[in-house]
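Okay, so here's the structure we're looking at.
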Number of protein chains: 4
Amino acid sequence: MNPLTSHTHLFGQLFAVPQFETLWHSDRFITAFVNFEVALAQVLGTVGVVDAATATAAARAISEFQPDLDTISAAALHDGLPVPEFARQLKDFVDSSALPAVHKGATSQDLIDTAFSVILRDANQLFEAQLTELNTALSDLEAKWGTVPMMGRTRMQAALPITVGDRVSTWRLPLKRHAERLAGLRPQVEALQFGGAVGNRAALGDHGEAVAVAMATALNLTHRPRASHAMRENLADYANWLSLVTGSLGKMGQDIALMAQQGIDEIALSGGGGSSAMPHKQNPVLAETLVTQARFNATQLPAMHHALVHEQERSGSAWPLELMVLPAMVTTTGTALTHAHNLISQITRVGAAD
Amino acid sequence: MNPLTSHTHLFGQLFAVPQFETLWHSDRFITAFVNFEVALAQVLGTVGVVDAATATAAARAISEFQPDLDTISAAALHDGLPVPEFARQLKDFVDSSALPAVHKGATSQDLIDTAFSVILRDANQLFEAQLTELNTALSDLEAKWGTVPMMGRTRMQAALPITVGDRVSTWRLPLKRHAERLAGLRPQVEALQFGGAVGNRAALGDHGEAVAVAMATALNLTHRPRASHAMRENLADYANWLSLVTGSLGKMGQDIALMAQQGIDEIALSGGGGSSAMPHKQNPVLAETLVTQARFNATQLPAMHHALVHEQERSGSAWPLELMVLPAMVTTTGTALTHAHNLISQITRVGAAD
Amino acid sequence: MNPLTSHTHLFGQLFAVPQFETLWHSDRFITAFVNFEVALAQVLGTVGVVDAATATAAARAISEFQPDLDTISAAALHDGLPVPEFARQLKDFVDSSALPAVHKGATSQDLIDTAFSVILRDANQLFEAQLTELNTALSDLEAKWGTVPMMGRTRMQAALPITVGDRVSTWRLPLKRHAERLAGLRPQVEALQFGGAVGNRAALGDHGEAVAVAMATALNLTHRPRASHAMRENLADYANWLSLVTGSLGKMGQDIALMAQQGIDEIALSGGGGSSAMPHKQNPVLAETLVTQARFNATQLPAMHHALVHEQERSGSAWPLELMVLPAMVTTTGTALTHAHNLISQITRVGAAD
Amino acid sequence: MNPLTSHTHLFGQLFAVPQFETLWHSDRFITAFVNFEVALAQVLGTVGVVDAATATAAARAISEFQPDLDTISAAALHDGLPVPEFARQLKDFVDSSALPAVHKGATSQDLIDTAFSVILRDANQLFEAQLTELNTALSDLEAKWGTVPMMGRTRMQAALPITVGDRVSTWRLPLKRHAERLAGLRPQVEALQFGGAVGNRAALGDHGEAVAVAMATALNLTHRPRASHAMRENLADYANWLSLVTGSLGKMGQDIALMAQQGIDEIALSGGGGSSAMPHKQNPVLAETLVTQARFNATQLPAMHHALVHEQERSGSAWPLELMVLPAMVTTTGTALTHAHNLISQITRVGAAD
């Protein structure tokens, strides 16, 4: 949709680091879909919906399934989603005797939402490491320069002297709280989705709850007593977290860009960006990009909240809106954290110029 | 700015219930400012910044202060905020001997942010009661109609039968989680702001921390080790919560408006709205309004995230943006919760038409 | 909903100038409703839907109608809008013989949308004058200081010298284009709304078009061949214009706030704002407020675009969303233009410090 | 950043048609950059900044330049943009005697903004054809079914009977106005950007204006008397248009999804989407997607308005925000227009069910 923001594009490295962007590649979804179906087949045997042999045969077959991606991609335009065609191909692929253990009681949204949970789990592990790393870098910065005086500024006017530590702590402290928030959010978003056609696990009769519990265990995801096909507030809450993080980094970026101004000179950066017309310039590129990324995520966030108006048992208009914005917010946040760390490492001096 | 949305306007009762709108009236701020200054004067005596007699005299004088609101309001245009003129008048009002205990170590943002904390505390108490009440109403609805069958619908098409309980639980369950979220957020937003001119409590020397601790106790607010003049993520996080609540209510409203369609007839409401051209109509006014309010809050939310890009020690552009949107979001959420409860009480039948 | 932003509030003069906020008061709507009904009664006589005597009697009676505002306000919560109760009261008020000429063929949305058209016409006349005035002030600024050198800055770094005129022209030129855009938009938004219950003027049979044409003439509004109850793009387009204006002013405000920094000193302002803690400060309050207002309007704008998804013949969820944001955007734009003019008049020096 | 929305992804065909997505590929930018530099070299000769032989030699060399894309892409992270490295490579590539005619008087933003102009020109031509085609399809629909009765619905309740033509005209009429708006916008956005380092064409002395005029002619773009590096309202205005279009299509999609409900049955569609759990379903996938796309573009729009707060002569934070959202909005609009046309062609019946 916007190739400029891919890390493979001429403009893209500013907007996307590969380790986050690739989380969202098609193969990651296919793997997650297959893992879901394998776990389902196995669990159906365990709880006795199908016999053990059928379950085992189905799980083995599914694990060897190689879908035709082009056909799935084309069918997504017709079905609105890739899973119906994925399921059709999968059912064609397995032996008919194994069919009772394939996709039984599941629906498209179960596979896709669970794939998101798995991908977000990976993203969250990266985020935790990034937050720790950035926190350390800022602590080191404070340790080195914290007592150096600089001018405190309010309403963009010189106010009273502060220390570098006063300023830097306003960059660092929110990150600590964001890490705590993330710890609380992870179980909410790293959850199994399993509700079936209309979200009530009815196709599995009395076995619904047991299957869901066992699948959550098998896939190492949180169990929910009720499928959340139409209750999307956990994802909106998570999107809010992403934008809180980039917002805090944007404040740091804005401060650094202001400190780097000639005439203010409160910070020195190595490796500033060049200009095609003015080779002498040392532009605070990463600092400014953090502001851009803060505003980008702030812009996206309401889409996740509009998506809460998710009519009936499954919305074909609210749900795809999440798909259009949440991955971009995740990638932006991961990229901003990388930029922030690189930016801090570029600092060679901070505090009053003289 | 938008008189239509005041409960006193011809259009306004749809948009604002008085108990929330009046939380934001000028007198509430003046009371909060006065309480702040009284507490500060007393605490300055307690910790020994001023002698006890001065503190007591100052506190007594401040508590009798009646500011000239018109002059303050006019000065806000010049100063950007009402507190500088409030402080000027206050200092004129008290006896000069008491001045060492007046506004000492405080800044405009300390008073205003703390006033917000106090107002939000009142709002949060109302929200808790509203959530409990609405949760009860929905539980009663489920108790009465929960086993009645109705059609499950996905992508706005009939899918498979569900029960009324399946549908209603998707309205009720998020509210429970929102109540839990609110409990976690309250200490974050019901906090004392006390940092002084540049946020580091420097004007009080070694007494800064002690004064802040004692003031938080006196005002029954959370103490923060570091003032958050320029770290605004708690308020953005809270705004997110407001929009999560209205988003969940918007889903309920959208469902009810769809259920009330002729030809669907899955719900009957008493007291529907009338039309000037078609007196026979029974419009699901409150259901539709919940959708409007969800989209309104979703729209406002990014402003609170843009405000995270809060440059230096105090931003004169980011901070007022909060003032322009957060009160509107609070009032909208309280009004939506009232509407939701009234809407549920209008339901006379739910489930399959026949 | 948000009392802080009313010009009567302690905080409000920063956010709302009276001449724009009062455009939206209840009495303005009542006057517009009455004028609509008077014109309708007269026109119904002219085109022969009712006889001349009935039309004249109805028009005279309507023009003397004094509605009970409290009852209307309370009914708006029930009906979703004030017009049904207004029409009930009006029909009670006029002699029964005049009833055939009262509200005939009209619906709530006709009265309300037309009231908006009338109010926007007044706003637009104010905007035109403001744009002219501000353009003159900026031209005068260029005339006085335009050749003074200053540093051109890109990516917040000194680049190459420019003149004050180079910078100021980037503030002035967009205003000229905004004035041209407004001239094109005025006929679109200053239009009669007249469509009746379902928007097709069916209640007036063959007379529908003639009535609409005559009413547009009588009320000095644009005639539309088709009522736009459910086609809202003109208002969304207008909201875009409002945000374009504040966006351009925000650029000017941001530039001025940056120029006013100590160490940069490229501008001197008289009458800067004070601080309660630091009386020595001269804060560029109006400059920063322009940035706030730009971000506020940018934030509101998507609500007007979400409202384009206006289902069927009249949406009870999309339409009220317009009511919640458009007046606020108009008031903000008018206030920003006033602030901008005052800000320019505060400039006592611009260009290189030495 | 969000691979899901690429047409090559498993999910992507719903979100991006290739003819729009590929407009934004790296090679399109390289071609535009090369064309800019060729035109500049030639024009520099024409106006006499360099001699004719140098101009011709430079133009010939530039036209044969094959940049190293990987190095450019990597350098974009450092410089914030790909052009500085592009220009470095280009200068290395041409013979040193031709250097006076290479990139003379130009800056990164000149090349990138002009590349956008060229790409938008292509997009706009596609849009014009799509709008014409869709308008025809809707006219044909009205011609075939326009007099069939159906229920007019207001506030999601049956109101009074209308015709299919009444409803369909609310889908068609805005498209006509959007086409007119586009005709007015095209010269604004299909414009040469040429301002040099700080936007005033100073590097070319008295030749600046002549070079700009001749380049605009050579590249078939609009000439602007003043470079718009820091005046971005034309692009924000264009983004508004994109969202107006998808908003109007979203209204159509919402109406069709509501008409397709069982129990309403006012429309029949061929080729509805399937479900992995409920093969019997015929989901109105494209109708719902139009709603999604309307809300997506509405969500993105404010970013383009925040980008109006473009500080000084070139903002490194505001400008990249445009790059992150405008291409996505263009692709979404083109895709929505394609979906809309396909959706209309799926209609096999419209109007009252019986």
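The values are calculated or read from the model by the stated rules, or taken from the named source; none is laboratory data. Keep in mind that what you see is a predicted model, and the values were worked out from it rather than measured. Positions of Cβ are generated from backbone atoms using ideal geometry, with glycine treated the same way; all protein chains shown enter the neighbour counts.
A few remarks follow.
- Condition broken by A:Thr170, with the remaining ones in (1) surrounded by fewer than 19 Cβ atoms within 10 Å (Cβ to Cβ); (2) assigned to a helix (DSSP H, G or I); (3) not small (Gly, Ala, Ser) satisfied: (1)
- Flag for D:Glu21 being over 19 Å from A:Asn2 (Cβ atoms) and either part of a helix (DSSP H, G or I) or within 11 Å of chain A (Cβ to nearest Cβ) (or both): no
- Selection count, segment D:52-101, where residues are assigned to a helix (DSSP H, G or I) and either aliphatic (A, V, I, L, M) or out of contact with any Ser or Thr (no Cβ under 9 Å at 6 or more places or on another chain) (or both): 30
- Count of residues meeting criterion [more than 8 Å from chain D (Cβ to nearest Cβ) and assigned to a helix (DSSP H, G or I)] in segment C:209-233: 11
- Within segment D:150-180, the residues that satisfy the criterion of being touching a Leu at 6+ places or on another chain (Cβ under 7 Å) and over 21 Å from B:Met278 (Cβ atoms) are D:Val168, D:Trp171, D:Arg172, D:Leu175, D:His178, D:Ala179.
- Pairs meeting the criteria (first residue in segment D:104-119 and without any contact (Cβ under 8 Å) to a residue 60 or more places away in the chain, second residue crowded, with 24+ Cβ neighbours inside 10 Å, beta carbons under 6 Å, at least 6 apart or on different chains) are D:Ser108/A:Ser276; D:Ser108/D:Leu81; D:Ser108/D:Val83.
- Leading residue by the ranking (nearest to B:Glu233 (Cα to Cα)) among those in segment A:155-188 that are in contact with a Phe, Trp or Tyr (Cβ under 8 Å, 6 or more places away or on another chain) and among the aliphatic types (A, V, I, L, M): A:Leu182
- Scoring C:Gly196 on the criteria (1) in contact with a helix residue (DSSP H, G or I) (Cβ under 7 Å, 6 or more places away or on another chain); (2) within 30 Å of D:Val309 (Cα to Cα); (3) outside any helix (DSSP H, G or I); (4) of a type outside the set (A, V, I, L, M) leaves a single failure, condition (2).
- Long-range neighbours under 6 Å by Cβ, at least six apart or interchain, first residue in contact (Cβ under 8 Å) with a residue 40 or more places away in the chain and more than 7 Å from chain B (Cβ to nearest Cβ) within segment A:150-174, second assigned to a strand (DSSP E or B) and among the β-branched types (Val, Ile, Thr): A:Val164/A:Val350
- Of everything in segment B:74-89 that is surrounded by 22 or more Cβ atoms within 10 Å (Cβ to Cβ) and of a type in the set (D, E, K, R), the residue that is nearest to the other protein chains (Cβ to nearest Cβ) is B:Asp79.
- Members of segment B:264-300 found to be more than 9 Å from chain C (Cβ to nearest Cβ) and farther than 23 Å from B:Leu141 by Cα, listed by number: B:His280, B:Lys281, B:Asn297
- Hits in segment B:220-241 - residues which are surrounded by 24 or more Cβ atoms within 10 Å (Cβ to Cβ), touching a strand residue (DSSP E or B) at 6+ places or on another chain (Cβ under 8 Å) and charged (D, E, K, R): none
- In a residue-by-residue description of segment B:223-230, the property of being in contact with a helix residue (DSSP H, G or I) (Cβ under 6 Å, 6 or more places away or on another chain) and of a type in the set (Ser, Thr, Tyr) applies to no position.
Here is a yes/no grid of residues against (1) aromatic (Phe, Trp, Tyr); (2) outside any loop (DSSP other than H, G, I, E, B); (3) more than 21 Å from the chain's Cα centre (by Cα):
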{"site": "A:Glu288", "(1), (2), (3)": "no, yes, yes"}
{"site": "A:Thr292", "(1), (2), (3)": "no, yes, no"}
{"site": "A:Asn297", "(1), (2), (3)": "no, yes, no"}
{"site": "A:Leu308", "(1), (2), (3)": "no, no, no"}
{"site": "A:Pro320", "(1), (2), (3)": "no, yes, no"}
{"site": "A:Met324", "(1), (2), (3)": "no, yes, no"}
{"site": "A:Ala328", "(1), (2), (3)": "no, yes, no"}
{"site": "A:Ile344", "(1), (2), (3)": "no, yes, yes"}
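- The residues of segment A:175-224 that are under 30 Å from B:Ile162 (Cα atoms), free of Cβ contacts under 8 Å to residues at least 12 places away in the same chain and small (Gly, Ala, Ser), listed by number, are A:Ala202, A:Gly205.
- Residue check for A:Val43: more than 27 Å from the chain's Cα centre (by Cα), surrounded by 22 or more Cβ atoms within 10 Å (Cβ to Cβ) and within 13 Å of chain D (Cβ to nearest Cβ): no
- Checking the stated criteria, B:Ile264 turns out not to satisfy the condition of being assigned to a helix (DSSP H, G or I) and under 30 Å from D:Asp265 (Cβ atoms).
Okay, residues lined up against (1) modelled with pLDDT of 95 or more; (2) within 14 Å of chain D (Cβ to nearest Cβ); (3) not in a helix (DSSP H, G or I):
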position: A:His103; (1), (2), (3): yes, yes, yes
position: A:Ile119; (1), (2), (3): yes, yes, no
position: A:Asp122; (1), (2), (3): yes, no, no
position: A:Phe127; (1), (2), (3): yes, no, no
position: A:Asn135; (1), (2), (3): yes, no, no
position: A:Ser139; (1), (2), (3): yes, no, no
position: A:Lys144; (1), (2), (3): yes, no, no
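- Within segment D:308-343, considering residues that are hydrophobic (A, V, I, L, M, F, W, C) and either farther than 20 Å from D:Val189 by Cβ or at the interface with chain C (Cβ under 8 Å from one of its Cβ atoms) (or both), the one surrounded by the most Cβ atoms within 10 Å (Cβ to Cβ): D:Ala340
A quick yes/no check of all residues on (1) in contact (Cβ under 8 Å) with a residue 12 or more places away in the chain; (2) surrounded by fewer than 23 Cβ atoms within 10 Å (Cβ to Cβ):
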site: A:Asn2; (1), (2): no, no
site: A:Phe11; (1), (2): no, no
site: A:Glu37; (1), (2): yes, no
site: A:Ala52; (1), (2): no, yes
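- Checklist (1) surrounded by fewer than 20 Cβ atoms within 10 Å (Cβ to Cβ); (2) within 8 Å of chain A (Cβ to nearest Cβ); (3) of a type in the set (A, V, I, L, M) applied to B:Leu244, failing item: (1)
- Here is the figure for segment C:187-208: residues that are facing another protein chain (nearest Cβ under 10 Å) and over 29 Å from the mean Cα position of the chain (by Cα) total 2.
- Check on A:Arg181, among the charged types (D, E, K, R), more than 30 Å from A:Glu266 (Cα to Cα), within 13 Å of another protein chain (Cβ to nearest Cβ) and under 32 Å from the mean Cα position of the chain (by Cα): yes
- Any hit, segment D:2-10, residues being part of a helix (DSSP H, G or I), touching a helix residue (DSSP H, G or I) at 6+ places or on another chain (Cβ under 8 Å), at the interface with another protein chain (Cβ under 7 Å from one of its Cβ atoms) and of a type outside the set (Val, Ile, Thr): yes
- Condition check for C:Leu258: more than 9 Å from every other protein chain (Cβ to nearest Cβ) and either assigned to a helix (DSSP H, G or I) or among the hydrophobic types (A, V, I, L, M, F, W, C) (or both): no
- Consider segment A:90-113 and keep the residues that are of a type in the set (Asp, Glu) and farther than 26 Å from A:Pro320 by Cβ. The one that is surrounded by the most Cβ atoms within 10 Å (Cβ to Cβ) is A:Asp95.
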